[in-house]
Structures are given as C-alpha cells and as structure tokens.
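We did not get these values from a lab; they are worked out from the coordinates using the rules stated. Predicted model, so just to flag it, every value in this text is computed and none were measured. Positions of Cβ are generated from backbone atoms using ideal geometry, with glycine treated the same way; all protein chains shown enter the neighbour counts.
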Amino acid sequence: MTPEQINRVLGNTDTWLADYAAAGRDSVLGEKTVATEQMAALVRDFTKQMAENYDRTPRRWTARDASALFTDNVQEWSNALNLTGTELAALLGDYVEFLEDEHHLRSAKAIATALIKAGVSAEAPDREPADRTRVDALLAIMRGFFGIDAAVSDHDLLHAHLPEAILMGTELTFTDIALLAEIASDKADYTVKSWLSEFVLPLFNLAKVKELLETQLEEKLSDDAVANYELTSLLTSTVPVVSDQRLAVAAIVAGTPFVTGQRDEVDSMAARYGKVMAAVPDMAKFIAVPKKKHDVRQGLSMKAAKKLRAKKRKRK
C-alpha cells in the first residue's frame, strides 16, 4: 500500500476508535480499565502494521495474518502498555467484533479466536517447547557418523557441523532446519523467522510469487506483504525440504552461496562435504561421477586391434 493509502486507513481508524469509545461496550477485562489513549495506540499500531507489512485494509484482515502480526509484537506491546498477552488479545478481539458490527470487516470471530490463542501462547510460562523429534533423531545419527561423544553438547556439535546437518536432514521441515541453526547459534536475539528470512527466503523467486498472488487476489501487493506471506508458508509447512533446497541452504550457511547454480558451484560443495553427501541417498546424486576414458580398441576383434596398432606405428 502507498503512504497515502495507509494514511487514509489510519484516518478511518481514528474515526472508528471514536465510535468504539462512544458505543459503551462492556469491558472485556472485567474490573481492569484501559485508558482510551492506550487502546488507540494498540489499535493504530496493529492497523498500521497490517497495512505496511501485509498490504491489508481492515476489510481484508485474516486470522492467519492477525495471529502472525500479534505474535511478532506482543512482547513490545505488553511492555509498553503494561498488559498481558491475553489482555491485549481480548482488547483487539473486541475492537474487531465492533468493526464487524459496523460492517467494516468480515470474519471477526475467526480473527478474535486467533488473537486469543496467540495471546495465551505468548504468556504461558510452561508452554510446550518446539518439537525436536526429527532434530534429535538427526543429532543421534550425526554423533554416530562423526564419532562424536555424548559429552559434546548439541550446540558444539552443530556449531561445528551445521552445513552437514542440513545436508543429512532428509526428514526436516524448514522450521526444523531453523531450529538446528538456533541450537548452533551464539546470538541472544535469535529468532526462527529472522533466520528463515536471511538464509531461506532468498532461494525463492518472490517476483513470481507476487505475480501469482496478485493474479489470484486480483489486486496489487507490496513486496513486504509477499515476503511475509512466503515466510508464513515456510513456518507452517510440514513437508520435508527437498534435496536441492537443502543443498542451497547448506551452501549459504557454509559461506559459499550459489550464484549461478552451475555445476562448478555444486562440485565445490561436493569437494567439501563429499563424505556426507555420498552417505545421504538424495544428496549422492549431486556428486559428479568421474568420466571414464573411452578406449576405442574396446570391443574390437584381435585382427582389427592389430590393424589399429599398425596404423599408429606408421604415423610415428
């Protein structure tokens, strides 16, 4: 969306916020009160980011985008407004339902439900950790393959062998691969989304994705909206990453990203990680098979072979 379009959306939002305040709706937080300015700040930021990052006016908000945006910002909003994740979600959900009552939005129930789920997940101190089933299975295989003792931590193992882990991860999803990178990382501010954005998103032809989406939706989308769409698809995918994509990601992690995708770049990876690639069925195909020297005499009769040797002697 253009800056002018975003300003128009925010102008409408200010009008709707005034109508919302005047509607006298029952408090969704019980005895707890929230200042009008706090509510306005929350709604305006949510609305602005929906427009800037997802290319969506309120009428086109979706449950998936609302949940993703809320999850990305809940900590910042919680700190700024001194509200919990569920309280923030309840406030936004009530505003969304008001917009539907006023015919400014559709799917309010789905959006409000998605927000509440995201709010509960964000503040649950004992929420389930990321599923490491496939990652732990791979780490066990790697310890056997490289002869690494159990005393060596997963962090140290992956810090030394992250490209190999990606090459060996035949059952891993993109989120699993990002989890490997998180275990290997020394960064305190690591996030799965930022890692996928840096190392995986460049592998996709976003211009083509944008063209397909705009054709389906019959409207123009910003580059940020398309990138967010593709990132969400990567985060939610449950399909194992195919071999050529794992090879390309491993090349980026190894510091030698493919530029042309030509044979010499693949051969360079095979020269560094040939032992691992040869042991992984869907990676072995990328290792170039040495060309055999063709002996023209092979298959000739003894008489024909002698004749060929005699010709060579005459040339000398």
Determine, for each peptide in 135-148, 49-62, the mean count of other beta carbons within 10 angstrom over its residues, then list the peptides with the highest first. 49-62, 135-148
Normalising by the residue count of the chain, find the relative contact order in percent from Cα pairs under 8 Å and 6+ residues apart. 15 percent
Cross-link partners of residue 275 among aspartates and glutamates (Cα-Cα below 20 Å; sequence separation of 8 or more within a chain): 149, 164, 171, 244, 264, 265, 267
Once you have the Cα-Cα distance between residue 187 and residue 76, take 0.36 nm times their residue separation minus that, and quote the gain in nm to one decimal. 38.0 nm
Given Cβ charges of +1 for Lys and Arg and -1 for Asp and Glu, the option among 181, 249, 163 whose Cα lies farthest towards the positive end of the dipole of the range 133-284 is 163
Could you sort the peptides 194-205, 210-221, 22-33 by per-residue average Cβ neighbour count (10 Å cutoff), highest mean leading? 194-205, 210-221, 22-33
Within the under-13-Å Cβ sphere about residue 111, not counting residue 111, Lys/Arg +1 and Asp/Glu -1 give a net charge of +3
Which one is right for this structure if Rg and Dmax of the Cα atoms in Å is calculated from it: (1) 28.4, 109; (2) 20.4, 70; (3) 24.6, 87? (1)
The correct pair for the range 3-123, radius of gyration to one decimal and Dmax as a whole number, both in Å and from Cα atoms, is 13.1, 39
Let's test the formula: R0 of 30 Å, r as the Cβ-Cβ distance of residue 238 and residue 31. What FRET efficiency results, to the nearest 0.05? 0.10
Given the pairs 48/109; 109/193; 193/220; 117/187; 210/285, which are separated by over 30 angstrom at their Cα positions? 210/285
